[in-house]
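Undergrad: Structure below; questions to follow.
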Amino acid sequence: MNKSELIDAIAKDAGITKVAAKAALESFIGNVTSTLKKKDGKVSLVGFGTFSVAERAARQGINPATKKPIKIAAKKVAKFKAGADLATAVSGAKKK
């Protein structure tokens, strides 16, 4: 599913226009992004999952084209950890 398909699905499920669904999705994305930019930024949606930021340390890598070692700089990366309800739904396990 891509962004436009998600907007269509939100509009249909919520009984709103595609314009309103797009605005809601853009607002969600913008708020998650701005929260993660903050120090210790984290967004938790119970049952769905948690968006957070992790620090990735600098490390040695290998250029696959030349096979020579390269330095990979430290950086921050966005992470998502699925919540229990989402993990259960995806795994196909039945809820007790």
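Undergrad: Measure up K39/K79; K42/K81; K22/K81; K3/K42 against 18 Å on the Cα-Cα distance and list the ones that go over. Don't jump to the answer; show the numbers that get you there.
TA: On the way: K39/K79 15 Å; K42/K81 11 Å; K22/K81 25 Å; K3/K42 23 Å.
The pairs that break the limit, which is 18 Å between Cα atoms, are K22/K81; K3/K42.
Undergrad: Within the chain, which DSSP H helices have Cα atoms that stretch 15 Å or more along the helix axis and a mean Kyte-Doolittle hydropathy of at least 0.0? Could the numbers behind the result be given before it?
TA: Numbers: long enough: 3-14 (16 Å, -0.08); 18-37 (28 Å, 0.42).
Passing helices, by number: 18-37.
Undergrad: Of the trypsin sites (Lys or Arg not before Pro) in segment 28-88, which ones lie in a loop per DSSP and count no more than 14 other C-beta atoms within 10 Å? Write out the running numbers ahead of the final one.
TA: Working: sites: K37, K38, K39, K42, R56, R59, K67, K71, K75, K76, K79, K81; in loops: K38, K39, K67.
In loop regions of segment 28-88 (DSSP not H, G, I, E or B), the sparsely surrounded trypsin sites (Lys or Arg not before Pro) are K38, K39, K67.
Undergrad: Hey, another quick one. Just how large is the dipole of the chain about the Cα centre, in debye to the nearest 20, putting +1 at every Lys and Arg Cβ and -1 at every Asp and Glu Cβ? Numbers along the way, then the final one.
TA: Numbers: 20 positive and 7 negative charges, 131 e Å.
With only Lys, Arg, Asp and Glu charged at Cβ, the dipole is about 640 debye.
Undergrad: Give me D for the chain in µm² s⁻¹, whole number, from Stokes-Einstein with Rh from the Kirkwood sum over alpha-carbon pairs, 25 °C and 0.890 mPa s. Working shown, then result.
TA: Working: Rh = 16.7 Å.
Value of D from the Cα-based Kirkwood radius: 147 µm²/s.
Undergrad: So how many Å³ per residue does the convex hull of the Cα atoms of segment 39-91 work out to?
TA: Working: hull volume 5.4 nm³, N = 53.
Hull volume over Cα atoms, normalised by residue count, gives 102 Å³.
Undergrad: Tell me what the chain gives for mean residue ellipticity at 222 nm when only DSSP H runs of n ≥ 4 count, each as -39,500 (n - 2.57), the sum divided by the residue total, rounded to 500 deg cm²/dmol.
TA: Working: 3 runs with 40 residues, N = 96.
The helix contribution divided over the chain gives -13500 deg cm²/dmol.
Taken together, the values in this text are just the output of simple stated rules run on the coordinates, not laboratory data. Just so we're clear, the structure is a prediction, and the values are computed from it rather than from any experiment. Glycine gets a Cβ as well: all are built from the backbone with ideal geometry, and neighbour counts include every protein chain shown.
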